[in-house]
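Trainee: Just passing along the structure, written as structure tokens.
The values are calculated or read from the model by the stated rules, or taken from the named source; none is laboratory data. Predicted, not measured: the structure shown is a model, and the values here were computed from it. When we count neighbours, we look across all protein chains shown, and the Cβ atoms used for this are built from the backbone with ideal geometry, even at glycine. To get the accessible areas, we keep the full protein, side chains included, count just its heavy atoms, and leave off ligands, DNA and RNA. Shrake-Rupley method; radii C 1.70, N 1.55, O 1.52, S 1.80 Å.
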Amino acid sequence: MRAIPAPKTAAQPRSFFDNMIKFAQGEGAAGLAYIMFSETGEAKGPIAKFLNSEKLEELKKTAGLNNGDAVFFSSDKEIPAAKLAGKVRDELGKQLDLLEKNIFKFCWVVDFPFFEYNDETKKIEFSHNPFSMPQGGLEALEKQEPLSLLAFQYDIVCNGVELSSGAIRNHKPEIMYKAFEIAGYDAKTVDERFGGMIRAFKFGAPPHGGLAPGIDRMVMLLAGEPNIREVIAFPMNQQAEDLLMNAPAPVDFKQLRELHIQLTPKAKEAVEGKLEKIG
């Protein structure tokens, strides 16, 4: 569960809280609980009656609430609850005019979890970048509980927008094999899927890392646009298609031969079918 403080909103009309519930439902949530603290300290709201005075005081202290404030609750499994809480926080910031204007504030996000548990597959998976170095190296992979492992990964964020993402590369084959083993991949599968990288690392590679800046995201912030699509010359749709350039589009076999690209039988059949439709 996550709590999202809403300062000086206890006196807002019922419609304000109903609209926040509708907002949460529009984001896929079942609802959004809340508690209001009047100027006299009286707790009101649909779930206030389930907490005694001691718990209410503890809530006020933990969430940094004062009389006249309200607090919303996002209740779900850890990741969905955090995602909804972030969206509710942003929406409250807009509605209550709490966001600072004409300012850029930066922060580094570090210590990303190396693994996460997939509730659907019931398996441990890589949380972000499978090729980053786990903190503690091979010893940590062998001795620590997998979900407690952290990665040498980092993002730089400005005004809540990720500008660059990076990591220290896992450059040691034995560490990479062990990391993938925990995620359910044997050495043969790793060799087949990432053979070029593994072979290069076996010849010896120094520790290395970096980050990839998102120039378009920087432009979006500087232009004051809320959506990255507004600053991309040829934005793609939800199917990753560029409608202006009609891409991706079929190419003829002469072009494929020039690039030394050989199609699988299934891909060849698909391309031939598209070319027939165009012809």
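Trainee: Roughly what percent of Cα-Cα pairs across the stretch 72-148 reach past 16 Å?
Mentor: 69
Trainee: Once the convex hull of the C-alpha atoms of the chain is built, how many Å³ does it hold per residue, rounded to a whole number?
Mentor: It is 222 Å³ per residue.
Trainee: Sticking with this structure for a sec: How much net charge surrounds I175 when only other residues with a Cβ under 12 Å from its Cβ are counted (Lys, Arg +1; Asp, Glu -1)?
Mentor: Working: positive: R169, K172, K178; negative: E139, E142, E174, E181.
It works out to a net charge of -1.
Trainee: Using Cα pairs under 8 angstrom and six or more residues apart, how large is the relative contact order of the chain, in percent?
Mentor: 12
Trainee: What would the Debye formula give as log10 I(q)/I(0) at q = 0.16, 0.22, 0.23 Å⁻¹ for the alpha-carbon point model of the stretch 19-123, no solvent?
Mentor: Rounded to two decimals, the profile gives -0.94, -1.25, -1.29.
Trainee: At a 1.4 Å probe radius, carbon and sulfur cover how many percent of the accessible area of the stretch 119-186?
Mentor: 50
Trainee: Of K22/K49; K83/K172; K105/K172; K55/K105; K60/K83; K188/K254, which sit over 27 Å apart, Cα to Cα?
Mentor: K83/K172; K105/K172; K55/K105; K188/K254
Trainee: Please build a GNM for the chain, connecting alpha carbons under 10 Å apart, and tell me which residue among K83, K101, K266 fluctuates the most.
Mentor: Residue with maximal mean-square fluctuation among K83, K101, K266: K266.
Trainee: Summing -39500 (n - 2.57) over the DSSP H runs of n ≥ 4 in the chain and dividing by its residue number, what mean residue ellipticity at 222 nm do you reach, to the nearest 500 deg cm²/dmol? Please list the in-between numbers first.
Mentor: Details: 10 runs with 103 residues, N = 279.
About -11000 deg cm²/dmol.
Trainee: With just the Cα atoms defining each centre, how far is the stretch 123-198 from the stretch 1-78? Give it in Å.
Mentor: 39
Trainee: For the stretch 175-279, what is the accessible area per residue in Å², given a 1.4 Å probe and the full set of protein chains? If you can, show how the numbers build up before the last one.
Mentor: On the way: 8160 Å² over 105 residues.
Heavy-atom accessible area per residue stands at 78 Å².
Trainee: On to the next question. In whole angstrom, how long is each semi-axis of the equivalent ellipsoid of the stretch 156-279, when you take the square root of 5 times every eigenvalue of its Cα gyration tensor and sort them from largest down?
Mentor: Semi-axis lengths for the stretch 156-279 are 33, 30, 13 Å.
Trainee: Name the trypsin sites (Lys or Arg not before Pro) in the stretch 17-78 that are in a loop by DSSP and that have at most 11 other C-beta atoms within 10 Å, would you?
Mentor: K77
Trainee: With no solvent and one equal point scatterer per Cα, compute the Debye intensity ratio I(q)/I(0) for the stretch 18-61 at 0.17, 0.25, 0.28, 0.29 Å⁻¹ and report its log10, rounded to two decimals.
Mentor: These q points yield log10 I(q)/I(0) values of -0.56, -0.86, -0.94, -0.97.
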